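The values are calculated or read from the model by the stated rules, or taken from the named source; none is laboratory data. Worth saying up front: this structure is predicted, and the values here are computed from it rather than measured. As a convention, Cβ positions derive from the backbone with ideal geometry for all residues, glycine included, and neighbour counts pool all protein chains shown.
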Amino acid sequence: MSQITSLPILDLSELDGDAARQQAFFDKLSFAAREVGFFYLINHGVDAALSAQVQQLSRQFFALPDEEKQQVAMLHSPHFRGYNRAGSELTRSQPDWREQFDIGAERQPLPVQAGDAGWKRLQGPNQWPQALPDLKPVLLAWQQAMTQMSLRLLRAFARALDLAPDAFDPLYGDKPNEHIKLIRYPGQTAGTSSQGVGAHKDSGFLSFLLQDNQRGLQVEVEPDRWVDALPLQGAFVVNIGELLELASNGYLRATVHRVVAPPANKDRLSIAFFLGAQLDATIPVYQLAPEIARLALGPASDPRNPLLRDVGWNYLKGRLRSHPDVAARWYDQLQQQQPQHTA
């Protein structure tokens, strides 16, 4: 670990090669995910023009008048979709200095009855700004492209763990928890908080970040030693979430990271895509081959803890903590049952 000064670079097109090239990719993937938990992914197959269009429309969205953005404020959505001003979301109880727009999978709400688990409210439609009609079709097209690419990478993770290629597929079925976050970090003047987003781990399976040219993302490669994830043209920054760490019994690593706000005369735009399991899924701890299992360190939390294994409950818990205003409006009276899975 002490020698790591930058993130590894992995080439997804190696999966199109012969068996030797594929195995070389699995080996590099296993090393990067175990030793760092972060890497750059190049030649990933997601259309560069589509990603550029997403970035362009994201800048147009953040440039809208505040009253237009407030029409799609997250406070209006029980599904935690929509816009938040800078300082609205909390990480470790401190405000993150970023404005953002969240969308998920475009689905009908689930019927919710008295006594149902609160996470059932998480599924539902997105909010879309009337002033920017192109945003919806472009983001949904990018969401589908990212889902297909990320599921391909997830199957490569299964191969790297010496599991069947489709080992993780039942956790996703036809309703993966696809989450996009458009993020703008305004510049901060000296003497103000530099917390673009506070130090944290991601809670799902895989996260992908499309960066602009402004630096800011930092990865804690070992305690109190941070490495800059500098922008790399055409690449996604990929990191492991806590559920994948849990599923591999800590062989794969969910790594703490943060974003430092840009200086006063700059801003930073990033587009995040998070692949999560179905809301009603329960994450098992997979049985690994002995030569792999001996390198597993155990996850950072108890692998038998149902608050981590029950996907919907775990996701709702994080949303309620990060967005207390939405929680107070939509979840105050809704019974949140404890998860049933304890082993």
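What the table below lists for this structure:
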{"quantity": "The stretch 292-313: number of residues that are touching a helix residue (DSSP H, G or I) at 6+ places or on another chain (Cβ under 6 Å) and modelled with pLDDT of 80 or more", "calculated": "2"}
{"quantity": "Output for the stretch 52-76, where each listed residue is in contact (Cβ under 8 Å) with a residue 40 or more places away in the chain and either in contact with a helix residue (DSSP H, G or I) (Cβ under 7 Å, 6 or more places away or on another chain) or charged (D, E, K, R) (or both)", "calculated": "GLN53, VAL54, LEU57, ARG59, PHE61, GLU68, LYS69, MET74, LEU75"}
{"quantity": "Residue in the stretch 113-131 that is of a type in the set (A, V, I, L, M, F, W, C), part of a loop (DSSP other than H, G, I, E, B) and within 17 Å of LYS317 (Cα to Cα) present", "calculated": "yes"}
{"quantity": "Residue count, the stretch 261-284 (criterion: in contact with a Phe, Trp or Tyr (Cβ under 9 Å, 6 or more places away or on another chain) and assigned to a strand (DSSP E or B))", "calculated": "10"}
{"quantity": "Out of ALA160, ALA167, sole residue that is hydrophobic (A, V, I, L, M, F, W, C), surrounded by 19 or more Cβ atoms within 10 Å (Cβ to Cβ) and more than 20 Å from the chain's Cα centre (by Cα)", "calculated": "ALA160"}
{"quantity": "Counted residues, the stretch 15-72 - those being out of contact with any strand residue (DSSP E or B) (no Cβ under 9 Å at 6 or more places or on another chain) and under 29 Å from LEU139 (Cβ atoms)", "calculated": "17"}
{"quantity": "Of all residues making up the stretch 192-206, the number that are out of contact with any His (no Cβ under 9 Å at 6 or more places or on another chain) and not in a loop (DSSP other than H, G, I, E, B)", "calculated": "4"}
{"quantity": "Every residue from the stretch 235-253 that is assigned to a helix (DSSP H, G or I) and surrounded by fewer than 24 Cβ atoms within 10 Å (Cβ to Cβ)", "calculated": "GLU242"}
{"quantity": "Given (1) modelled with pLDDT of 90 or more; (2) among the charged types (D, E, K, R); (3) farther than 30 Å from VAL227 by Cα; (4) assigned to a loop (DSSP other than H, G, I, E, B), index of the condition ASP332 fails", "calculated": "(1)"}
{"quantity": "Some residue of the stretch 94-101 being in contact with a helix residue (DSSP H, G or I) (Cβ under 7 Å, 6 or more places away or on another chain) and not in a strand (DSSP E or B)", "calculated": "no"}
{"quantity": "Options GLY87, GLY118, GLY82: the member that is in contact with a helix residue (DSSP H, G or I) (Cβ under 8 Å, 6 or more places away or on another chain), surrounded by 14 or more Cβ atoms within 10 Å (Cβ to Cβ) and within 20 Å of ILE183 (Cβ to Cβ)", "calculated": "GLY82"}
{"quantity": "Search result, residues across the stretch 14-29 that are surrounded by 13 or more Cβ atoms within 10 Å (Cβ to Cβ) and part of a helix (DSSP H, G or I)", "calculated": "GLU14, LEU15, ARG21, GLN22, GLN23, ALA24, PHE25, PHE26, LYS28, LEU29"}
{"quantity": "Test set (1) at pLDDT below 95; (2) assigned to a helix (DSSP H, G or I); (3) aliphatic (A, V, I, L, M) - LEU140 fails condition number", "calculated": "(1)"}
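One line per residue, one yes/no per condition, for (1) within 26 Å of LYS120 (Cβ to Cβ); (2) modelled with pLDDT of 95 or more:
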{"position": "ALA49", "(1), (2)": "no, yes"}
{"position": "ALA63", "(1), (2)": "no, yes"}
{"position": "GLU68", "(1), (2)": "no, yes"}
{"position": "LEU75", "(1), (2)": "yes, yes"}
{"position": "ALA86", "(1), (2)": "no, no"}
